[in-house]
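Participant: Following this message is one structure expressed as structure tokens.
What follows draws every value from the coordinates through simple rules; no lab data is involved. Every value quoted in this text rests on a predicted model; they were computed, and no experiment measured them. Methodologically, a virtual Cβ is constructed for each residue, glycine included, from the backbone with ideal geometry; neighbour enumeration extends over all protein chains shown.
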Amino acid sequence: MAVATGTAEQVKQRRYQKRTGNQLVPYLFIAPHLIFFLIFVAYPFFYGLYISFFRFDFLRPEAQQFVLLDNYAKLFSPDSIQFPVFWNALGNTVKFVLYSVPPLIIIPLLLAVLLNTRVPGRNFFRGLYFSPWVLSAAVVGLLGFWIFQSQGGLVNFYLVRLGITPPRWLSTLPWAWVAIVAMTLWWTVGFNMIILLAALQDIPRQLYESASLDGATNWQQFVSITLPILRPVLVFVIIITIIASFNLFAQPFFMTNGGPAQATGGGSTEPVMLRIYREGFERNQLGMAAAMSFIVATIMIIFSYTNFRLFRTRE
Amino acid sequence: MATTQPPAHPGGMRRRKLINNILLLALLTFIGLLVLVPLLWMLSTSFKPKSQWFLPEVHWIPKTFTWENYLSILNNDTLPIVRWFVNSLLLSGTITLLVLAVDSLAAYAYARLEFRGRSALFALLLATLFLPGVMFLVPNFLTIARFGWLNNYLGVITPALAGVFGVFFMRQFFESLPRELEEAAQIDGATQFQTFTQIALPLAKPALATLGIITFLGAWNDFLWPLLILKDRQLLTLPPGLRTLQGAYTSEYGQMMAGAAITAIPILLLYILLQRSSSRASRRRA
């Protein structure tokens, strides 16, 4: 069937292609996009690697020097200046992924379950919970910077009222992480909730009806019906959330500036994206920043690819 | 629990359902308030005079209401937030229109026109869809620098036109359209370009609207790339402008929150408008 209609389509298309015929026209259609794509996606894929083989100070481009793997050697030798700050920052990003991803799955799942009922106003609540997602990371970071201040911060007002001695959120550990994760949750919980809610709404109600006739409790229904059906969507949400958390940048940039500072020159909440930004665009060492980017990108690509494969074979 | 017991009498069941609904509604309202807290606090602070920022108790409604935070950032020539607002609006608008034009043209060709290398090229585009953005920062910055586009909007606009998502999204849509209308137009002697502009594009309005909203939102909120490219304060957009504001007004939280509000409120209003029109549309469909 599919094959037959496919070829019929092709024959038809070829017939009217022939009539209109100009072979150049399709290329004119794709050209505007393709030119930008080649310059800003295809070319930098290789150019980024190339730059990472240079010692390249943006302010002194004439002094650039081909050093082959020297940047990478520095990043992998424990006694270089870059080694502790880079791996510390990469570790911070991984920590943030570990802290943020579980609540970014569990809370949206709970919200989606709550909203997948016939409760009045569910569309309103869905829209409300999603709304912070439309804000810029810069706004989220600046709000977090104010809300978690020791002096005048909203969170501490309420903690004092509850009789709790408040921590200095943005300059001590682990509280700086708590604040960064909290603002991230506020910002993006609604996005995951929307995806999971859409998946929940696709589960036929009859499944639950027959299960409850068989005497299954709500919890049993959730575990034996909802979760298995939701599994592929959950895996997808987990993967995109890990990738999004890996790109952490603006929240610590605004809230902690990467601090509290460490003796090595790194920061306890400085994510690897912020380290790359500082190396490349504050210290102007673009060759080194390119090498750091390449390592981070490789990790992310391997992660995505493995997940993609795992996901695909199980499907 | 409720589901395990066969209903003893329907009245009790209904009452239990009502109580469940009220509890659920209370919980949802509480969560809703948590979502609103940062935004309400932003507004509250932005309307408070400095003397009230650090009071030891919470006043959600300012004791005295003032515009001075807004006025002081609006009148500060070194932090031209009105210009940033206009810059953001024009830049996001331009990017959105160009992305719609460039992406729908390309998408139409990948969906409907036949040419040598079509599937290979499209596969290449798709393969880059999941590449992490971090690997493009340094090389694209250098490309823009070499073009002389640092501190120039071309340096922000052109990389935005290279994205693959819009092409992919629009191609999916064009492929879902029935071919018959386009074929009829071609039989009537329309060129491929006329078929595209007069038949396919008008049919694609809903998809164009969706892509337009996503693109505008992304451009309005983009922080890192304009931070790298735009250095001149007169040229900044709002998100990197907020960083400048944070640096310039150390612990002037009223001004910072006024700036955050100026950045957040237009996009929140846009979101509310879209929510309302889409829920009205879905009700009409029902």
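Participant: Name the residue, out of A:ASP57, A:ASP214, A:ASP70, whose mean-square fluctuation peaks in a Gaussian network model built on chain A with Cα pairs under 10 Å.
Facilitator: Top of the fluctuation ranking is A:ASP214.
Participant: Let me ask something else. Whole angstrom only: what separates the Cα centroid of the stretch B:93-164 from the Cα centroid of the stretch A:83-107?
Facilitator: 30
Participant: Can you compute the helix-only [θ] at 222 nm over chain A? Use -39500 (n - 2.57) per DSSP H run of at least 4 residues, normalise by all residues, nearest 500 deg cm²/dmol. Working shown, then result.
Facilitator: Details: 15 runs with 211 residues, N = 315.
Mean residue ellipticity, 222 nm, calculated: -21500 deg cm²/dmol.
Participant: Could you work out Rg/(2.2 N^0.38 Å) for the protein assembly as shown, with Rg from alpha carbons only?
Facilitator: Numbers: Rg = 26.8 Å, N = 601, 2.2 N^0.38 = 25.0 Å.
Here the Cα radius of gyration is 1.07 times the empirical estimate.
Participant: Taking only Cα atoms and a 10 Å spring cutoff, compute GNM fluctuations for chain A and point out the largest among A:THR184, A:THR226, A:THR269.
Facilitator: A:THR226
Participant: Which whole DSSP H helices in chain A pass both tests: a Cα extent of 18 Å or more along the axis and a mean Kyte-Doolittle value no lower than -0.5?
Facilitator: Numbers: long enough: A:2-20 (27 Å, -1.33); A:25-37 (19 Å, 1.79); A:82-115 (48 Å, 1.53); A:175-201 (37 Å, 1.65); A:227-246 (27 Å, 2.46); A:286-314 (41 Å, 1.09).
Answer set is A:25-37, A:82-115, A:175-201, A:227-246, A:286-314.
Participant: A further question on this structure: Highest GNM mean-square fluctuation, chain B, Cα pairs closer than 10 Å: which of B:LEU25, B:LEU126, B:LEU235?
Facilitator: Of B:LEU25, B:LEU126, B:LEU235, the Gaussian network model singles out B:LEU25 as fluctuating most.
Participant: Scan chain B and note any complete DSSP helix (H) whose C-alpha atoms cover at least 15 Å along its axis and whose Kyte-Doolittle average is -0.5 or more. Present the calculation step by step, with values, prior to reporting the outcome.
Facilitator: Numbers: long enough: B:10-46 (53 Å, 1.17); B:81-112 (45 Å, 1.27); B:134-146 (19 Å, 1.50); B:165-176 (17 Å, 0.62); B:205-221 (24 Å, 0.97); B:253-285 (46 Å, 0.35).
Correct list, ordered by number: B:10-46, B:81-112, B:134-146, B:165-176, B:205-221, B:253-285.
Participant: Taking the beta-carbon count within 10 Å as an exposure proxy, list A:VAL223, A:VAL178, A:VAL189 from fewest neighbours to most. Present the calculation step by step, with values, prior to reporting the outcome.
Facilitator: Numbers: A:VAL223 12, A:VAL178 15, A:VAL189 24.
Listing A:VAL223, A:VAL178, A:VAL189 from fewest to most nearby Cβ atoms yields A:VAL223, A:VAL178, A:VAL189.
Participant: Right, another one. By counting other Cβ atoms within 10 Å of each Cβ, how are B:GLU57, B:GLU68 ranked from fewest to most?
Facilitator: Working: B:GLU57 7, B:GLU68 14.
Neighbour counts put them in this order, fewest first: B:GLU57, B:GLU68.
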